[in-house]
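Enquirer: Before anything else, here's the structure in question.
Just so it is clear, none of the values below were taken in a lab; they were calculated from the coordinates. Here the structure is a predicted model, which means the values were calculated and not measured. Ideal geometry is used to build each Cβ from the backbone, glycine not excepted, and the neighbour counts take in all protein chains shown.
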Amino acid sequence: MGTPIRIGIIGCGGMEKAHEAAFEGFEGRMQVTAVCDIVRERAERAKAVLGAQRAVTDFRELLDVVDAVLIVLPHHLHHSVGMMCLEAGKHVLMEKPLANTERECLDLIEAAERGRRVLMVGYVQRYNPLVLKTRELIQNGALGEVFQVSIWTEQFTRFSEDKSWGHRKETLGGGQLFSHGCHYVDLLLWFLGRPVSGTHDGTNLGTPWMEGEGTSNLVMRFENRAMGYHFGTWGARGSRLQYSLHVHGTRAMLDTRLKEGKIFLTTWEKGEELIFEAEPGKHTRRQMEHFLICVETGRKPLTDGRSSLQSLRVIWKVYEAEAKGVVADLRGLGLEDVEAS
Ligand SMILES: NC(=O)c1ccc[n+]([C@@H]2O[C@H](COP(=O)([O-])OP(=O)(O)OC[C@H]3O[C@@H](n4cnc5c(N)ncnc54)[C@H](O)[C@@H]3O)[C@@H](O)[C@H]2O)c1
């Protein structure tokens, strides 16, 4: 085994805590050498938990002791911080969404390609065994012809300060769909391929702290005529659906319950059966393992910059069409070309 990859974490707020478990069990392969947050106590807390050597309040002060960084910052900072890290020769695991505009995303992608650095986006659901199993069953024909995939995400998200970056369009990059729905738009593309058209409608009724929508409804039509749907809200505490994927096929239906860690299959013959179980939760450790493999071997990440940009392009197009009151033309988007490359 070679020298352990030295990791720096930039941003030690809410989501960074969900990443902490991801660092266990990689002794000899990686170590967290430095952590950064503009709020010193947050950096010091993370340093103590992770046994890092250095806690700093300016990320430029950790660049000399890291090979790679995990960026867990407000969205409007992803571009500037990511660019400086890539230009300093660091591999980057960027929390989603990659950045707030197409140009910013392309800057990051091109900087990574120029410097031959890994740029991976934290679309953590793609590393979730329940999601992987769902995709396998969609693709291997077990469900017959799949004609609809519906995704529900219900959560209550309100940052402690009213003027938080997470409430404002300019800093968040949009509303619920852009910030959280991007995970699930990415999954719809991964499951169903190339989209043709889409519509979005949202509201901040029930989430008045949100400048953009706090509740989002997205409908997409795909080239094979299958439909994708996503409902996401930041204004509820969660019904039985919570985080669910429902797949309707001509032979069978799937009910993937991410919160319970279970997949149920329903057929005419047998009714509902539990067919798969896996650990519920965020699977940040599997995501980290993939990142380490990519850094170690130079392999292209499953969720690299270019593939993650596809979901953001869908979102920008449906937002634009929503403002004009028209249906968005999504032709030309999809993940196939990216995956084949
Ligand atoms: N994958 C998921 O399921 C998931 C869930 C939640 C959040 N996220 C993502 O994680 C990222 C952070 O979100 P969060 O909820 O942790 O936000 P947060 O506001 O809780 O944390 C952000 C942290 O960054 C720090 N910070 C701000 N400016 C900084 C700077 N210039 N230098 C260093 N530190 C700075 C803040 O002090 C704060 O501690 C976002 O990209 C978000 O979309 C992902």
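Enquirer: Could you pull out every one of the helices (runs of 4 or more DSSP H) wholly within region 232-341 that has 1 or more residues that are touching a residue at least 40 places away in the same chain (Cβ under 8 Å) and surrounded by 20 or more Cβ atoms within 10 Å (Cβ to Cβ)?
Expert: Qualifying helices (runs of 4 or more DSSP H): 284-297, 305-324.
Enquirer: Does at least one position in region 37-50 carry a residue that is within 14 Å of the ligand (Cβ to nearest atom), surrounded by 17 or more Cβ atoms within 10 Å (Cβ to Cβ) and among the small types (Gly, Ala, Ser)?
Expert: yes
Enquirer: Evaluate the following for Lys96: is it away from the ligand (no atom under 11 Å from the Cβ), touching a Phe, Trp or Tyr at 6+ places or on another chain (Cβ under 8 Å) and of a type outside the set (Val, Ile, Thr)?
Expert: Considered against the rule, which asks whether it is away from the ligand (no atom under 11 Å from the Cβ), touching a Phe, Trp or Tyr at 6+ places or on another chain (Cβ under 8 Å) and of a type outside the set (Val, Ile, Thr), Lys96 comes out as no.
Enquirer: While we're looking at this one, here's another question. Which numbered condition trips up Glu113, out of (1) away from the ligand (no atom under 13 Å from the Cβ); (2) over 23 Å from the mean Cα position of the chain (by Cα); (3) surrounded by fewer than 17 Cβ atoms within 10 Å (Cβ to Cβ)?
Expert: Unmet for Glu113, out of (1) away from the ligand (no atom under 13 Å from the Cβ); (2) over 23 Å from the mean Cα position of the chain (by Cα); (3) surrounded by fewer than 17 Cβ atoms within 10 Å (Cβ to Cβ): (2).
Enquirer: Additional query: Give the residues of region 59-80 that are under 25 Å from Gly166 (Cα atoms) and more than 7 Å from the ligand (Cβ to nearest atom), sorted by residue number.
Expert: Arg60, Val69, Leu70, Ile71, His76, His79, Ser80
Enquirer: Here are the criteria: (1) in a loop (DSSP other than H, G, I, E, B); (2) under 18 Å from Phe291 (Cβ atoms); (3) within 16 Å of the ligand (Cβ to nearest atom). Tell me which single one Leu108 does not satisfy.
Expert: Single failed check for Leu108: (1).
Enquirer: Quick one: would you say Val72 is over 27 Å from Leu172 (Cβ atoms), in contact with a Gly (Cβ under 7 Å, 6 or more places away or on another chain), touching a residue at least 40 places away in the same chain (Cβ under 8 Å) and not polar (S, T, N, Q)?
Expert: Answer is no for this residue.
Enquirer: Among the residues of region 161-171, what is the count of those that are in a loop (DSSP other than H, G, I, E, B) and more than 9 Å from the ligand (Cβ to nearest atom)?
Expert: 5
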